[in-house]
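Peer 1: Provided herewith is a single structure, encoded as structure tokens, for subsequent inquiry.
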Amino acid sequence: MKIAEPPRCSHCRALMKKMEMPPEAGYDNPYMYVCFNDECSYFINGLKWMKEKYEVNSSYRQMVNPLTGSANPLPVWSKTAMRDRIID
Ligand SMILES: [Zn+2]
């Protein structure tokens, strides 16, 4: 299922942002839709889990592949990570 419009995050219902992927990530398309809401339960739970488990402040954000419509976690090392890749 191809997606042309930014979808809403399945965890927090926020409108997802278009994010340019680094070429070295090895995806077959140049951008993804990512939930950059810092209040997102997915992000908050990931933050708690990584803190308890590994003592680090990294987490995951919800990411949707516009070519397939499938959702995957995007690992982020901080709240601001990847924000410079948002395309508006
Ligand atoms: Zn979200």
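Where a number appears in this text, it was derived from the coordinates with a stated rule and is not lab data. What you see is a predicted model, and the numbers here were worked out from it, not measured in a lab. All Cβ positions, glycine included, derive from the backbone under ideal geometry; neighbour counts span all protein chains shown.
Peer 1: Round to the nearest 0.05 the FRET efficiency obtained for Ser58 and Met1 when R0 = 25 Å and r is the Cβ-Cβ distance.
Peer 2: My answer for the efficiency is 0.25.
Peer 1: Work out from phi, with θ = phi - 60° and the Karplus expression 6.51 cos²θ - 1.76 cosθ + 1.60, the ³J(HN,Hα) of each residue of the range 30-44, listed in order in whole Hz, and give x for Gly and Pro.
Peer 2: x, 9, 10, 9, 10, 7, 9, 7, 6, 8, 4, 4, 4, 5, 5
Peer 1: Quickly estimate the mean residue ellipticity at 222 nm for the chain, helices only: each DSSP H run with n ≥ 4 gives -39500 (n - 2.57), and the total goes over all residues, rounded to 500.
Peer 2: My calculation for the chain gives -5000 deg cm²/dmol from helical runs alone.
Peer 1: No solvent, one uniform scatterer per C-alpha: report log10 I(q)/I(0) for the chain via the Debye equation at q = 0.12, 0.14, 0.25, 0.26 1/Å, two decimals.
Peer 2: Result of the Debye calculation: -0.34, -0.46, -1.30, -1.36.
Peer 1: Along the Cα→Cβ direction, 7 angstrom out, place labels at Asn45 and Ser10. What is the inter-label distance in nm?
Peer 2: Spacing of the two 7 Å Cα→Cβ label points: 1.2 nm.
Peer 1: Using Cα pairs under 8 angstrom and six or more residues apart, how large is the relative contact order of the chain, in percent?
Peer 2: After rounding, I find 30 percent.
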